[in-house]
Each structure stands twice: as C-alpha cells, then as structure tokens.
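**Q** My structure is below; once you've seen it, I'll send some questions.
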Amino acid sequence: MAAIDVALRGLTDRALLELTRAGDRSAIEAWRTGYLGRSGALSLHMRSIGQLPSEERPAAGQAANAAKDTLEAAFAARQRELEEQALDQRLESEHIDVTLPGRPIHTGGLHPITHTLRRILEIFRDMGFQVAEGPEVELDWYNFQALNIPPEHPARDMWDTFYVKPPSILLRTHTSPMQARIMERTRPPVRVVVPGRCYRYEGQDASHEWMFYQVEGLAVDKGLTMADLKGVLVAFARRIFWPEIQTRFRCDYFPFVEPGVEMSVQCPLCRGEGCRVCKTTGWIELLGAGMVHPRVLRNVGYDPDVVNGFAFGMGAERIAMVKHGVDDIRSFYGNDLRFLQQFT
Amino acid sequence: MRVPLGWLREYIDLPASADDIAERLTMSGTEVANVIRVGSEWDRVVIGQVQTITPHEHADNLFVARVNLAREQVTLVTAASNVRAGDVVSVVRAGGRLAAGPRVEARSFRGVQSNGMLCSGDELGISPEKQTIYVLEADAPIGANLRDYLGDEVLDIELTPNRPDCLGIVGIAREVAALFGAELRMPHVDQPNDGRPAGDVVRVFVDDPDLCPRYTAGYVNGVRIVPSPQWLQRRLHLAGIRSISNVVDATNYVMLELGQPLHAFDADRLQARTIRVRRARANERLTTIDGVERVLPTDALVIADAETPAALAGIMGGSNTEISEGTRRILLESATFDRMSVRQTSRALRLVTEASKRFDKGLDEELPPFASRRALALIRELAGGSVAEGLVDVWRPRDALRTIAFTADDLAALIGNAYAAEQIEDVLRPLGFALERDGERTTAIVPSWRDDVTDKADIAEEVARVTGYDAIPTTLPRGELPSPADDPGLRWREVVRSALAGAGLQEVMTYSLIDPYAVSKLDAGAPFPATGPDEGTIPIHNPMTIDRSRLRTTLLPSLFATVAANLRYQNRVLLFEIAHVFLPPLEPLPREEQRLAIAMAGRRSPPTWNADTAPIDFYDLKAAVEAAFRILHVPLILADAANVPWLHPGRSAVLRTTGDDRELGHLGQVHPRVAERFEMEGMEIYAAELDLDALMSLAAEEIRVRPLLRYPAVERDLAIIVDGRVSHERVAAAVQAAAGPLLEQITLFDVYQGAPVPEGHRSLAYSLSFRSPERTLADDEVATAMAAIEHAVTAQLAAHVRGR
Ligand SMILES: [Zn+2]
C-alpha cells in the first residue's frame, strides 16, 4: 500500500475516533474545522496529492474524496445524534407535576330546583303539555273559590294562607289557580303544566318550608279518563326516576278534583327496601291529582257533560329531595354555596 | 282520630288483621297514619291479686306485696302507696318487660327479694296515671296474660275534611264493612222513658235558626256524678280523650262512637231551665270550662239560659253550668250548628276542641236525636236517675234527601274502567246509599251523612275507591294536542340562566318576603337604622315574622344577605337570582316583574396554585351582564349613572340598549355604606339588578349570518392619548365614524396612564382591522383611513396619536 493511502487511512480512523469523542455542538464544529475545513487535515491531505506522480493522482484523489464523503456523513450522523440527545435532555428537564390541579374554568351552576323543574317540564312537554306561568300574588277567587273552595270551607284548613289584603288578595298556596285562569282564556283541548313559587303560612322544619315550587298539570278534553291520568303520571314517574319504578294510587281528597288521587312511588332512596325517609314503608307520597271537579269546569264555562279533565300538582323540592337524598328542605333556600355547588 | 279495634269490633266482625284493615282504609281514602299496638311488647305481664301488702321493714316508702298469680305466688317490692290487699293488678314477672328495652330483673331491696314489678296505667299505655299502680276490675282473670285481657290495636287515622261522617267509629266501621263486604251493626238505642215528658221540664228557643238548624234537649233527673267504670275510661284513653266523670264521659263516648258532639249542662244552674240559642250580644263574656274568661265575638253563636251565655255553641261549655260532683239534674244538648259559624268563632277565639273539629266540617242533621237517645241510655246506666220522656226537638226538617241519577257508562267514561251493575251496588249499598234501578239508569239516594256526594263524579269516586284505584288501567290520552302557544319569555329566561351559570355565577333562590327596613337599607344617603318601615313595599297582612313581612320590590337585599352568609365560609361569591318582584299599587293585584340580580365579591378565581388572584372588579360584573345580553342578541350600552342610591357614585352605570331610552337596570360597586349595613363590610361588592322581562322583550328571535369575507385584512395599531374623562366608547365611535365601513373591527388592547402620558390623560391603544368585501385593500387606502382617524380624534376629542 502506498504511503499516501496509509496516511489517508490513518487520518480517517483518527477523525472518526475523535468524532465519537466530540460530545457537544462546539466540539463537533471544531472537529469539522479541523478535518473538513479549508485548512483542515483532509484539505492538507488533498493538497499533498498534487505532489504525487501523475499516474497515482487519480486513485489518490478518488480515495480522498471517498474519505471526505465518509467524514461528512459521519459528521451529519453525529450532529443528528447530538441533537436528539439534547432534545431528550431538554424534554427530561421539562418534567411537570401532572398531579397539580388544573387551571380553573370559572363555571357556576344552576340551583337544584331549576334542574328539577327543567326535568319535570321536559317530560311533560314530551307528552304534549305546554308550559304557562301565573302571578304569585293571587285573588282568593282563583286560589280557592273557582277551585270549589268557598269561604269558610273546612278544606281551607288544608292551605294555611298568607294574606296581602284579606279576604280577597293572598299569596297563592298552590299553582292550581292557573287551572281557572287558563281555562277561562282557552277552549279545550287543554294540556298545560304550570311551574311556580307558592307560599303557605307554615312553620319550617326539615320537611316543611313556607315557600316552595309546585308544578301543576291540567288536561281537559273530550273523553279523558282517570285511566289517562294514571297513564300520564306513571309515564312521568318512570322518566323522572327509573323505568321499572313501581307506582301506587290511592284515594285522596282535594276539593277541585273528583275522584281525588294520591300517587306514591317506590322510595327512590332505598328502592322500596324501606328506609328512614319512607318511614320503612318503601313508598313515597309524590303528588296529588284527580279528575277536574265538575263544579270547577262549570265555574269557567265548560260543560262537564261534554268534556272531562284531569289535574295534578307536585312539589319540586320533594322530588329533588328524594332524587338527591336531600334530608332537609330548608337547604334549598338557605343558599349555602357548599350545598348548591354540589349540583353543578 | 284514634280507633281502637276492640271498640270497632262492637259494630263489625273484623274481617282482617289490623294491618290489612289499615291498608285498605288508606288506599280507599281514609288514611291510617299509624297502627298503635297496645301490649305487643308486653312479655310475662300477667294479672295478679294482691294477697298482702306491708311496709318494708328496712326502708321507708317501700312496700312488700305478695301477689297471687293463680298457679303461684310472687313477692315483690313497690314504692306505690295506693295498692291494697285484694286489688287486682298487672305484674311484670322477673325476666319480663313492658316495652322494648331492659327487662325487669329479680333483685333484692334491702334484704327483700323482689320477683317482679307492679305497673302504672301510663306504663301500660291504658291510662294517663303515672304515680299510682293501675288497679284492674275485680273480675279480671287472675293469672291470665294481660295482653289477652287488655291488648289492643289502635288505628291512628288522618281524615280528610270532606268526611265528617268518619269522625265517629261507626263511620269507620261502615267504611270497613263496604271495603270487605262485612256486616255493619249499628249501636242499639232504646231511650229509657221513665220520667215526665222532656218538654214539660225544659224549654228551648232557637232565636237564630240560620246558625242552628236543629237543637234537641234531653233531661235526666237524679244522676250521681262518679268516675266512670274502667272499661269506659280505658276506651276513652285509647281514643285520646281524658276521662272526667260518668256523665261527661258518656257524652264523649257517644261523640267518638257516632261523631255527634253532645253537651251536658247542670240543669239546676240554667235559669228557668231554659235554653236560648242566639248570637252573642256586644261585650258579652263567658268563662269556658278551661277556666278562661272570653269576650264573645258578636257573631258567635251561644247557648244561653234565660239570661246569660252558658256555652259557646259547638265549641265549649261554660264553667257556670259545668257538670260537677254535686250535679243531680242534667240537660243534654245534641244539636247541629252551622259549620261556618263554628269555624269563625273557633278561629276568632283560637279555641279548637273535639266538638268544634266536628261541627266545623258540617254534621248530619238527622243524627242529633239518635245520638241523644244513645247517650241518655248510657248516662242512665252509668249515673242512674230517671230520663225524661222524649226530647225537645227544634228543627224544621230539611228537603228530601239528594238523589243522583247515573248509568254504568257514565262511570266508565270518567274512570276509564267498566264496572258491572252488581259491583256498583255492592259498593254503594253498604255505604248507605239507597238505589233504584230503571233499566240502564240508576238513581242513588244519598244518605244524610254524606253531604260531600253531590255529582256523578262523586258516585264514580265511591265505586272506584272501594274497588281500588289499582284496578283502573293505565292509558295515555289520545285526543288532539292543543295548538302550540309557545311563551318565548319562558325559553329566554332559561337561556339566560344557563348563560350566567356558564359565565361562572351560581344561581340562588331566596325568599320573596323581606323585612320592612330592607329596602331603605339600600339608600346610602338615608339614615340607618331607618326611622320607619319602607313605604314602597306591600305588607303581608299576617306575617309569621317581622323579617318576612313585606313583598320584595327588589332582589338585592336577599341577595346581599346571601352574599354575606356565604362570605363567612369562602372568599369568593358570585351569585345570581331570577325571581319576581311585587310592585305597588294593588289594583287589585300588584305588578309582578321578573328581575335578574347579580352579586360578585372576592377573587376572580377560586383560590388555587395557579389562579388569577386579582380581586373581582367592575369589569368582571360588566362581563357577566354582557353574557346575559349577548345570549339574547341585545346590544349592551352602559352610561354613567347618576344617583343610584345603593351604588358607589364613581362606579355605577345604567343599562340600556341601542335605540331605546328605557333604563333596563343598574350595575356597579355597592356603596360601602350599603355593603356595611348588609354585613359585607371590608370588601368590594359588585352587583347588578335589571328588568328581565324588558330585556327579554328585546331579544332577537332570528339571527342572520353575514358572509365570510375572502379578501385579506390589513391590521394597524393606534394609540390615542386623550383626556381621562373621555370614554373609550366615545373614542371608539369617533374612530369608527372617521374610518368608515372599511374598518371592520376595532379592539381595545391597552389602557395606560402615567409618564410619558400627560397628567389627567390616558393612552388608549387599539388594534384596527381593515377589510373590503370586494377587493384586497391597497396600502394607500388604509393610509387615507388612518389619516382621517387621526384628524377626527384630534379635532373632535382634543386627542393626539401617540408617536406623532
Ligand atoms: Zn326508603
């Protein structure tokens, strides 16, 4: 082997060895200058080829060019290798604590009674009921008399009443006054639900509140029956609770319906097993209902021989309580954010 | 009402267990709230007879009794001093007990072994006596299990006000008979007639028959007033009535049995043995048997003698004519009073009694003579004496009984279930209806005690409830749906609610009633505490508390109270409420308006490691209000508000929209004095209240989209230095007007005060985006617009552009 080949081989080997030792960007740049630069070792070597006899020059030149390609490729590979190491190091150093809390999105929330009312109304809307609202300060006529509860009627004891101006102006004790208001301004068929605030002159305890939300329902049409009332209420219970829930209907008395109905459902808290809330009966009284009393129909100019109606009324708080396990009705209007924010 | 089954059994052979009877009664409308079981927990409680009773040798106050239990004898120690040899008593033997809990153990009292315990009536639940040992009837079976002798079950019934006929045990028996197909046995009535005719002895005048449709008087001469026998006392106790004396107990017994209240007067204390039923005279007084002297309301109906009131009709007797130990002759009243009159008087005097609870529901006019004869027989049995013949009966018999004609199809059409004619009869006859069939048509004659049954619907209910509502199928209404009549306000309100919750606010619901000083607390300039109640709020006539005695005209006081209460637990409170306010005058109803109120206080973010810890300021509030406007597509315009009394004068604004003069509401920082009055001192509170009805009426129902522009925008930044009192809105409006339609968007990105901006001035930095819908803008077009802007702000606002 010619001396020049030996020299090139020695240069190449040394260069490749040094390159593996060059550990950072400046070291490999220095390496590049030292071997591949204009006055680097390889350039010097190339210049020395000119002193060779002319027949040896082409082979030596080829060998030098091949060595240059090798070194350049090695440089590129080493450079890439170092970049990747550097990236790995940087990423390693950028480690964060993923268990720190997320940056808060400032969501608020709706009151649980709003959630409950929306759910109730949605279910009845799906069954073709419209939604209407009415005044909270009412006339005795609509709150009582039009509903077949004349003055001094013993049934008035069922609704302890706040008066604004006795005997004619009061805070409505239920949303039922809207029955008469709606029937006065529409002709059958009627299918409507009425949510709203109601008031009763009643002391507060864990299950009694003097202000509450009620949802009233009313349907009037030819041919409506108590079986239809049962069907609508069962459908409601199945959707607001769960599809297989058991329901129970018993006779009850409300002066503006006849026959009168009370619907109980399987206790949603214990699923009928019996618990403190259902007093171990497994049943929860959910709502009052019935067929609209013929006198109520006559009071608004409907003919009870032509149309029938049914009506129902339920307390939104009671439904929210059994759905969510709220054991004190005063929680709703106490407005402690620690309670309310659990519903968001 | 309490119905002991041992008593109910007098009128019906019980067809089922107490629980089954309770269940069927409840399902059919007579709600049994509870079944009370007397003796169910008794264990080793037996009847014994005291053989000897002697003082304990080593203990004062204790006695040693030897008690015969038939097959054996026990010795026990007792502290009660009323026991005598020969008394028949109840004994809990060692190891037994009266109720769930610890058992009675054999133990030694100072050297004497006691193998049981004697029981008081209260411990047994059969009498109110706590201090004495209960002494049973002498003929009680010695050695027998006490439960077999005295155990009972009591139905605790919550009656609905339409069924006064069930205010007597016979009424409940009639229900049970109808429900189970059992036979009702009416109590036997045989008036003893061993005296002169009642009409010869007493005189009755009903001056006000409108309030007293029927008055009957019976008379007994020669009674002896003594305690009632034990069986009677026990029955009354189980039914919840205190035993008084034989005659009074007899009247109460018949009231509980038949539902007809009765009253016995000491006839010798009635002047001229005369009863006059009349309205009270002005300032007339009566001391009732509860010892209270009462001034009688002028419309109150009284039972007077020839001169003075002797009883409040249907409510309570007077002490002047009360039965006492010395009473020998009694006048027995059995009457029907107008339910409204009883109700009014009872309420006016705040006096509710067993009698008034029955009369105010309206009682059967046919009942008084029957009840009277029943009571007279009982009184004679218990108190002796001779009963006058017949009754004085002042009554104008009413019209014939009500009839209701119906067909089985009528019932099916209302109930949605077919009932056979026999089924209908099997329900109605046991309930006392007489039925006449004429082909398809049935005429029901309504019994006198069922005044609640007036319509075919009532007949339908009787049939449906007795056969059970569970038998009715469930169907869905098939008729056409009402024509849609959507109320956009209801939808918009929910949209606003959701938008505000999404904007970070928590919805609350506060009481509609406020205290009479709450609104004046909102006036920072008004004296505090206020000198008098608010004039502008409508008072509640019968408030429960002063705190809740006015209808609110603003949501703010309740919202502020909620903020204050929550600030005790957290340092960040962002709330809103949507509710009605009630605005005077009453014509006849107040105007109800839906308001939206917002209150914000504390840090912008919940406290966490990487939060924006800056406190909430005006612009957080404004953004929340904007969220409500934006969701309704109503442009929001704010202007400085003058003189909003609850707001910081420098940080308050009035809410409007474009092209409308109406003030929709106000927002700003709550005046520190107002904040302090609502116990929110030391924090900046931001709040808004607005007329949500008015805002929703402006909501844009339909949104029209603009086409997206294809040509590129040209962006320029511009800082304008202007007097600090010139609002951003004015500057932006001037810029927009000068630039014309090519200026597509103007965004404020910095507000700066301080050097090098001159004192009293500020620098408003805008980024402007120019765009043409038709072409790519040339630089000189934008330059022309920028020049126009600069000229306009310089000329109109005495401003200059920074960097020039
Ligand atoms: Zn339960």
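The values are calculated or read from the model by the stated rules, or taken from the named source; none is laboratory data. Computed from a predicted model, the values in this text were never measured in an experiment. Neighbour counts run over all protein chains shown; Cβ positions are idealised from the backbone, glycine included. When the accessible area is computed, the model is the full protein with side chains, heavy atoms only, and any ligands, DNA or RNA have been set aside. Shrake-Rupley method; radii C 1.70, N 1.55, O 1.52, S 1.80 Å.
**Q** Taking 0.36 nm per residue of sequence separation and subtracting the Cα-Cα distance, how much length would be gained by fully extending the chain between B:Val495 and B:Asp190, in nm to one decimal?
**A** So the chain would gain 102.3 nm between B:Val495 and B:Asp190.
**Q** Taking a probe of 1.4 Å and counting only protein heavy atoms, give the total accessible area buried between chains B and A in Å², rounded to the nearest 100. Mind showing how you got there, number by number?
**A** Details: alone 40300 and 19320 Å², together 51870 Å².
The summed interface area works out to 7800 Å².
**Q** Taking a threshold of 27 Å on the Cα-Cα distance, which of the pairs A:Lys222/B:Lys361; B:Lys361/B:Lys456; A:Lys323/B:Lys456; A:Lys230/A:Lys323 fall above it? Present the calculation step by step, with values, prior to reporting the outcome.
**A** Numbers: A:Lys222/B:Lys361 34 Å; B:Lys361/B:Lys456 22 Å; A:Lys323/B:Lys456 39 Å; A:Lys230/A:Lys323 21 Å.
Over 27 Å apart, Cα to Cα: A:Lys222/B:Lys361; A:Lys323/B:Lys456.
**Q** When only alpha-carbon atoms count, how far does the stretch A:9-72 stretch along each of its three principal axes, as whole angstroms with the largest first?
**A** Here the Cα extents, ordered largest to smallest, are 42, 18, 16 Å.
**Q** A further question follows. Assuming R0 = 51 Å, can you tell me the calculated FRET efficiency for the pair A:Gln51 and A:Gln85, based on Cβ-Cβ distance, to the nearest 0.05? It would help to have the intermediate numbers written out before the result.
**A** Details: r = 42 Å, r/R0 = 0.82.
That pair, A:Gln51 with A:Gln85, gives E of 0.75.
**Q** Check which residues have an amide H placed less than 5 Å from B:Ser772's amide H, if you skip close sequence neighbours.
**A** Close amide H contacts, sequence-distant or interchain: B:Leu777.
**Q** Just the number, please: carbon plus sulfur as a percent of the accessible area of the stretch B:393-520, 1.4 Å probe, no ligands or DNA/RNA counted.
**A** On the way: 2910 of 5740 Å².
About 51 percent, which is the carbon plus sulfur part of the accessible surface.
**Q** Something else: Set the Förster distance to 22 Å, then compute FRET efficiency between A:Glu285 and A:Asp126 from the Cβ-Cβ distance, nearest 0.05.
**A** It comes out at approximately 0.35.
**Q** Kindly work out what percent of the DSSP beta bridges joining two residues of chain A are antiparallel, to the nearest 5. Intermediate results must be reported in sequence, preceding the final value.
**A** Working: 42 of 44 bridges.
In chain A, DSSP labels about 95 percent of beta bridges as antiparallel.
**Q** Here's another thing I want to ask about it. Just the number please: accessible area per residue for chain B, 1.4 Å probe, all protein chains included, in Å².
**A** On the way: 36420 Å² over 804 residues.
Normalised by residue count, the accessible surface of chain B is 45 Å².
**Q** Can you give the convex hull volume per residue for the Cα atoms of the stretch A:112-343, as a whole number of Å³?
**A** It is 123 Å³ per residue.
**Q** OK, next. Give the Rg (one decimal place) followed by the Dmax (whole number) of the protein assembly as shown, computed from C-alpha coordinates and expressed in Å.
**A** When restricted to Cα atoms, the protein assembly as shown yields Rg and Dmax of 45.0, 172 Å.
**Q** Moving on. Hey, for a label at B:Thr608 modelled as a point 7 Å past Cα toward Cβ, could you say which residues of the stretch B:563-582 have their backbone N under 17 Å away?
**A** Under 17 Å, as judged by backbone N against the label point of B:Thr608, lie B:571-574 of the stretch B:563-582.
**Q** Express in whole angstrom the spacing between the alpha-carbon centres of the stretch B:231-303 and the stretch B:489-517.
**A** 55 Å
**Q** Under 13 Å from a point 7 Å along the Cα-to-Cβ line of B:Ile36: which residues of the stretch B:220-251 have their amide N that close?
**A** Once the point is set 7 Å along Cα→Cβ of B:Ile36, B:234-243 turn out to lie under 13 Å by backbone N, inside the stretch B:220-251.
**Q** So what is log10(I(q)/I(0)) for chain B at q = 0.05, 0.06 1/Å, when the Debye sum runs over its Cα atoms only?
**A** -0.54, -0.70
**Q** Considering the zone a paramagnetic label at A:Asp160 would reach in this model (a point 7 Å from Cα along the Cα-to-Cβ line), which residues of the stretch A:301-332 have amide N under 13 Å from it?
**A** Answer for the stretch A:301-332: none.
**Q** On to the next question. How much length, in nm to one decimal, is gained on full extension between A:Thr99 and A:Thr33, taken as 0.36 nm per residue of separation minus their Cα-Cα distance? Please list the in-between numbers first.
**A** Numbers: separation 66, 0.36 × 66 = 23.76 nm, distance 4.81 nm.
So the extension gain works out to 18.9 nm.
**Q** Pop out the ³J(HN,Hα) list for the stretch A:58-72 in order, Karplus 6.51 cos²θ - 1.76 cosθ + 1.60 with θ = phi - 60°, rounded to Hz; leave Gly and Pro as x.
**A** 3J(HN,Hα) across the stretch A:58-72, in whole Hz: x, 5, 5, x, 4, 4, 5, 4, 4, 5, 4, 4, 4, 5, 4.
**Q** Now for a different question. How many nm separate the modelled label positions at B:His541 and B:Thr776, each set 7 Å beyond the Cα in the direction of the Cβ?
**A** Modelled inter-label distance: 8.0 nm.
**Q** In addition: Direction-averaged shadow area of the convex hull around the Cα atoms of the stretch B:198-395, nm²?
**A** Over all viewing directions, the stretch B:198-395 projects a mean Cα-hull area of 9.5 nm².
**Q** For the stretch B:1-61, run through the chymotrypsin sites (Phe, Trp or Tyr not before Pro) and keep only the ones in DSSP coil with at most 12 other Cβ atoms within 10 Å of their Cβ.
**A** Numbers: sites: B:Trp7, B:Tyr11, B:Trp42; in loops: B:Tyr11, B:Trp42.
Counting only loop positions with at most 12 other Cβ atoms within 10 Å, none of the chymotrypsin sites (Phe, Trp or Tyr not before Pro) in the stretch B:1-61 qualifies.
**Q** Note the full-extension length gain between B:Glu759 and B:Glu325 as 0.36 nm times their separation in residues minus their Cα-Cα distance, in nm to one decimal. Intermediate values should be presented prior to the final figure.
**A** Numbers: separation 434, 0.36 × 434 = 156.24 nm, distance 10.18 nm.
This chain segment gains 146.1 nm when fully extended.
**Q** Report the FRET efficiency, 1/(1 + (r/R0)^6), for B:Arg103 and B:Ala70, where r is their Cβ-Cβ distance and R0 is 22 Å, rounded to 0.05.
**A** On the way: r = 22 Å, r/R0 = 1.01.
For B:Arg103 and B:Ala70, the calculated efficiency is 0.50.
**Q** Taking H as built 1.01 Å from N, whose amide H comes closer than 5 Å to the amide H of B:Ala641, not counting residues under 5 places away?
**A** When sequence neighbours closer than 5 places are left aside, the close amide H contacts are B:Ser652, B:Ala653, B:Val654.
**Q** For the stretch A:24-122, which trypsin sites (Lys or Arg not before Pro) are in a loop by DSSP, counting at most 12 other Cβ atoms within 10 Å?
**A** On the way: sites: A:Arg25, A:Arg32, A:Arg38, A:Arg47, A:Lys68, A:Arg78, A:Arg80, A:Arg90, A:Arg118, A:Arg119; in loops: A:Arg38.
Within the stretch A:24-122, the qualifying trypsin sites (Lys or Arg not before Pro) (loop, at most 12 other Cβ atoms within 10 Å) are A:Arg38.
**Q** Along the Cα→Cβ direction, 7 angstrom out, place labels at A:Ala77 and B:Arg429. What is the inter-label distance in nm?
**A** Simple spin-label model gives 11.3 nm for this pair.
**Q** Along Cα→Cβ, 7 Å out, is where each label goes; now give me the distance between the ones at B:Glu422 and A:Thr20 in nm to one decimal.
**A** Reported label-point gap for B:Glu422 and A:Thr20 is 11.0 nm.
**Q** How many Å² of accessible area per residue for the stretch A:2-93, probe 1.4 Å? Show your work: numbers first, answer last.
**A** On the way: 5970 Å² over 92 residues.
Roughly 65 Å² per residue, with all protein chains present.
**Q** Now a separate question. If you keep only loop residues by DSSP, which GluC sites (Glu not before Pro) in the stretch A:268-344 have at most 11 other Cβ atoms within 10 Å of their Cβ? Let's see the in-between values first.
**A** Working: sites: A:Glu273, A:Glu285, A:Glu317; in loops: A:Glu273.
Sites meeting the loop and neighbour criteria: A:Glu273.
**Q** Hey, another quick one. Non-local amide H neighbours of B:Ala799 (under 5 Å, H modeled in plane, Pro and chain starts lacking H): which ones?
**A** Sorted by chain and number, the residues that satisfy this are B:Thr794.
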